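The values are calculated or read from the model by the stated rules, or taken from the named source; none is laboratory data. Computed from a predicted structure; not experimentally measured. FYI the Cβ positions are ideal-geometry reconstructions off the backbone, even for glycines, and counts take in every protein chain you see.
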Amino acid sequence: MKIYLALISAAALALTACSQEASQPEPTAPAAEASAPAASEVAETTAASETAPAASETAATESADVPAELNCEAVIESDDAMKYNTSEITVNKACKEFKLTLKHVGKMPKTAMGHNIVITDSSNVDGVVSDGAAAGVDANYVKAGDERVIAHTKLIGGGEEDAIIIDTSKFAAGNQYEFFCSFPGHIGLMRGQIKLVD
Ligand code: ZN
């Protein structure tokens with residue numbers, strides 16, 4: 001048994017030695033070149049500059065991969081028929097910020113057929129809508145400083161659009177979130193789910 005273990009650890013050591021030999025020359029050579037022009041500074045910086053190039057290479061690879069897969073924005077259309085063109089917004093949890101654009105593709109003015117997008121926890125929808133109605137059109141039908149509101153666009157009329165940036169850290173795991181239009185009477189038709197996905 002001891003011999004067997006000894007063999008395994010010897011093999012492991014050999015593997016480690018091999019991989020160290022193989023990997024060492026690569027980072028050292030470029031690091032030395034990279035630090036050479038800046039070498040006018042201090043000898044101490046050599047240690048830092050050896051790790052620095054490797055770190056920035058990794059970061060570059062990651063940032064090149066992530067944005068390609070990660071979609072952190074959505075465009076929603078609304079119209080004179082009191083409707084959004086979707087009932088669901090999907091937000092990837094990896095997005096730190098999410099850009100949401102509301103377009104009004106109708107022709108009616110905002111006083112008659114205005115739309116906005118308000119986002120709240122599902123349990124706060126009714127309260128935010130009634131307080132918003134009381135706040136009036138000049139307040140975009142959203143009560144000023146309403147802490148139940150995660151984010152909201154302004155109220156827009158036909159041909160207009162408004163974009164907002166949502167801080168996704170305001171979405172708590174396990175909660176249900178909804179988006180809706182707080183123009184009085186619109187919530188019946190203009191309401192949807194925010195889906196947080198991995
Ligand atoms: Zn509306």
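Being charged (D, E, K, R) and closer than 17 Å to residue 102 by Cα is the filter here, so list the residues in region 133-160 that pass it.
Initial filter on region 133-160 (charged (D, E, K, R)): 138, 143, 146-148, 154, 160.
Passing the criteria: 154, 160.
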Within region 66-108, the residues that are surrounded by 15 or more Cβ atoms within 10 Å (Cβ to Cβ), small (Gly, Ala, Ser) and assigned to a loop (DSSP other than H, G, I, E, B) are 106
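Taking residue 71 as the residue in question, decide whether it is within 19 Å of residue 195 (Cα to Cα) and either away from the ligand (no atom under 16 Å from the Cβ) or modelled with pLDDT of 95 or more (or both).
Yes, satisfied.
Condition check: surrounded by 19 or more Cβ atoms within 10 Å (Cβ to Cβ), outside any strand (DSSP E or B) and either within 15 Å of the ligand (Cβ to nearest atom) or without any contact (Cβ under 8 Å) to a residue 60 or more places away in the chain (or both). Does residue 127 satisfy that?
So residue 127 does not fit the description; no.
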Taking first residues from region 177-197 that are within 22 Å of residue 136 (Cα to Cα) and second residues anywhere that are hydroxyl-bearing (Ser, Thr, Tyr) and near the ligand (Cβ under 10 Å from one of its atoms), the pairs with Cβ under 6 Å that are 6 or more apart or on different chains are 182/141; 183/141; 190/84
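Filter region 151-198 down to the residues that are assigned to a strand (DSSP E or B), among the charged types (D, E, K, R) and away from the ligand (no atom under 11 Å from the Cβ) and list them by number. Before the answer, list the steps.
Taking region 151-198 first, the residues assigned to a strand (DSSP E or B) are 151-152, 156, 161-167, 177-180, 191-197.
Applying the additional criterion that residues be among the charged types (D, E, K, R) yields 161-162, 167, 178, 191, 195.
Scanning region 151-198 gives 161, 162, 167, 178, 195.
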Residue hits (region 78-123; within 13 Å of residue 191 (Cα to Cα) and more than 12 Å from the ligand (Cβ to nearest atom)) are 85, 86, 87, 88, 89, 119, 120, 121, 122
Checked region 150-198 for anything buried (at least 17 other Cβ atoms within 10 Å of the Cβ), aliphatic (A, V, I, L, M) and over 20 Å from the mean Cα position of the chain (by Cα); matches are 155, 156, 187, 190
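Kindly indicate which of 91, 75 is without any contact (Cβ under 8 Å) to a residue 40 or more places away in the chain and in contact with a strand residue (DSSP E or B) (Cβ under 6 Å, 6 or more places away or on another chain). Before the answer, list the steps.
On the way: 91 fails: without any contact (Cβ under 8 Å) to a residue 40 or more places away in the chain.
Of 91, 75, the one residue that is without any contact (Cβ under 8 Å) to a residue 40 or more places away in the chain and in contact with a strand residue (DSSP E or B) (Cβ under 6 Å, 6 or more places away or on another chain) is 75.
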When you look at residue 120, is it surrounded by fewer than 19 Cβ atoms within 10 Å (Cβ to Cβ), polar (S, T, N, Q) and either touching a strand residue (DSSP E or B) at 6+ places or on another chain (Cβ under 7 Å) or in a helix (DSSP H, G or I) (or both), yes or no? no
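In region 134-149, what residues are part of a loop (DSSP other than H, G, I, E, B) and under 22 Å from the mean Cα position of the chain (by Cα)? Talk me through it step by step, then tell me what you get.
Filtering region 134-149 down to residues part of a loop (DSSP other than H, G, I, E, B) leaves 136, 140-148.
Within region 134-149, 147, 148 qualify.
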